[in-house]
Amino acid sequence: MKKIIMAWLAASALLGAVTLGTVQIAQAEETANMPSYSNPGGIGGVASLRGLSEIETTRPADEFKRFPKDHHVETSYVYQPPLIPHTIRNYEVSLNANKCLSCHSWKNAKEMGATKISVTHYVNRQEQVLSDVSPRRYFCLQCHVPQADAQPLVDSTFLSVDSLR
């Protein structure tokens, strides 16, 4: 009985290999007859919040958003980091340089007519006051973003703090 089962399994495997080989040959012939595309399955389209675009085409970049100068937007919730009221294009904020501090540090703010950074930015995790900006607060763009004159991508039902009172 064991020999019969082994023979049956061997025959099934052989038949499966022959069938698979036939299918692969048919697929190769079909592919050879197709026009050459980099994506033979079709190029389709991707619908996103920014519109419909073909997968294999590069759509033009959006226009730059306008950044209102010296326009202050009220905060929407308690402890919200203030928005940046100017463009930050070409500002370097890296391990070696922080363009924001050239105007907003306590040393330069008055001379530059800029808002001083909060004293909380000089406190480390152990609540020790430092003589320079704390490393955890050095990368300004972790919390602060420029305010742009742009329409929201999705509808929002968010209510600001004033609306909740």
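Computed quantities for the displayed model
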read-out: Residue satisfying condition, being part of a loop (DSSP other than H, G, I, E, B) and either modelled with pLDDT of 85 or more or surrounded by fewer than 10 Cβ atoms within 10 Å (Cβ to Cβ) (or both), within set Ser163, Ser102, Ser156; value: Ser156
read-out: Members of segment 105-127 that are β-branched (Val, Ile, Thr), part of a loop (DSSP other than H, G, I, E, B) and modelled with pLDDT of 90 or more; value: Ile117
read-out: Among residues of segment 125-161, those that are in contact (Cβ under 8 Å) with a residue 12 or more places away in the chain and out of contact with any helix residue (DSSP H, G or I) (no Cβ under 7 Å at 6 or more places or on another chain), counted; value: 18
read-out: Residue tally, condition open to solvent by 80 Å² or more (accessible area, probe 1.4 Å), under 15 Å from Ser105 (Cα atoms) and of a type outside the set (A, V, I, L, M), over segment 118-145; value: 3
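The values are calculated or read from the model by the stated rules, or taken from the named source; none is laboratory data. All of these numbers come straight from a predicted model, not from anything done at the bench. Cβ: placed from backbone, ideal geometry, glycine included. Neighbour counts: every protein chain shown. Accessible surface is based on the protein model in full, side chains and every heavy atom, while ligands, DNA and RNA are left aside. Shrake-Rupley method; radii C 1.70, N 1.55, O 1.52, S 1.80 Å.
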